[in-house]
1. Take peptide A:146-155, look around each residue's Cβ out to 10 angstrom, count Cβ atoms belonging to other protein chains, and average those counts.
2. Picking from A:124, A:75, A:29, whose Cα lies most toward the positive end of the charge dipole for chain A (charges on Cβ: Lys, Arg +1; Asp, Glu -1)?
3. Using square roots of five times the C-alpha gyration tensor eigenvalues, list the equivalent-ellipsoid semi-axes of the protein assembly as shown in whole Å, biggest first.
4. Out of every Cα pair in the range A:11-79, what percent are spaced more than 14 Å from each other?
5. Under 8 Å for C-alpha pairs, at least 6 residues apart: give me the relative contact order for chain B, rounded to a whole percent.
6. How many Cβ atoms of partner chains, on average, are near each residue of A:47-54 if near means within 10 Å of its Cβ?
7. Can you tell me the orientation of helix B:3-56 relative to chain B, as the angle in degrees between its alpha-carbon axis and the longest Cα principal axis, to the nearest 10?
8. Which whole-Hz couplings ³J(HN,Hα) result when phi for each residue of the range A:14-22 is put into the Karplus expression 6.51 cos²θ - 1.76 cosθ + 1.60, θ = phi - 60°, listed in order with x for Gly and Pro?
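Coordinate-derived values only; no laboratory data. Nothing here was measured: the structure is a model prediction, and the numbers come from that model. When we count neighbours, we look across all protein chains shown, and the Cβ atoms used for this are built from the backbone with ideal geometry, even at glycine.
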Amino acid sequence: MNITIDLLIPPIIIALLIGMIFSTNALVMESTVENRLSYELQSTANTVLTVIEQEVRGIKEIVNLETDQLQFIDAASDTVTIFRDEMSMMVETSSAPGSPEQYNARLYELNFDLAGVTGSPPILRVSIITESRAEQEVGTRPNRYRAVSERDIYLRNLHIAQL
Amino acid sequence: MGTGQTLLVLAAIVLFMITSLNVNRSYLNAVEATVDQQEMVNSINFGQSVIERIYSQSRDEVALMNLFGDLTDVENPDSRLEHESETGETLAATVEFSEETEMKHGINGRVVSVDVYQLENDDYVEMAAYSFALISEP
């Protein structure tokens, strides 16, 4: 009996140790990738928001507003369309039709909404959700990482034009 | 296996368990930092949204004061601006206007302070603070 236990215990202990080492390594790897991904997703959401803010500051007239598409006339009288194409954000201007600027924004959601009631100053509410892709992550889990950025933008030019 | 060897192995397992716990703690800290980062971004963006709204009313002093003049107490639901973020946090903002004074170059205006809070365990915790000059319309 004693001989059997003596033979069994060492492999069990070694298996335990190996298991702990592997699981620890897996967790470290997952944590590292998660940190990098969440930072990248948040930065991307903030950057996309800044790009949209710069584009819409000069709005003179809104041509068409849908949930994930905004078409407007800017300060240079160009017609600009901002829309979502799968995970990218596209910005197309009438001065360069058919060749929109493509931003690899990893979009999960892009929402435009004109906040405020009729007669009040025009405020554009922009909401962006970015999402990771499965191939950027460790393992095979079904859930993706997401980051959110939302802000209200006062459309000063449009407001002045309405006065 | 002798008693000495067994003790040594047990000590090794305890050491690895401590290491494993520390790694798990680091992982949790990293997750917490990620959540904190998202909350901070939400607060900063909400503060900027409030500033945009204040700017949008800057041409109409009466409307400006009606909308934002009494938002000075975060503990009072009638005296704060509330907002629920996309990620579900309840945010609140207070706004304070200084008396109208002469700013630089002989232009009159007010200094506006915006404080952003987040509701945590029934308490409002300050997350961000802004201060900016609002030039009066001539």
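1. Numbers: counts 3, 5, 7, 6, 9, 7, 10, 4, 9, 2.
So the per-residue partner count for this stretch is 6.
2. The one lying farthest along the dipole's positive direction is A:29.
3. Numbers: eigenvalues 568, 142, 34 Å².
Equivalent-ellipsoid dimensions as semi-axes: 53, 27, 13 Å.
4. On the way: 1752 of 2346 pairs.
Here the long-distance tail beyond 14 Å is 75 percent of all Cα pairs in the range A:11-79.
5. 19
6. 1
7. So the helix axis and the longest Cα principal axis differ by about 10 degrees.
8. Result, ordered by residue: 5, 4, 4, 4, 4, x, 5, 5, 5 Hz.
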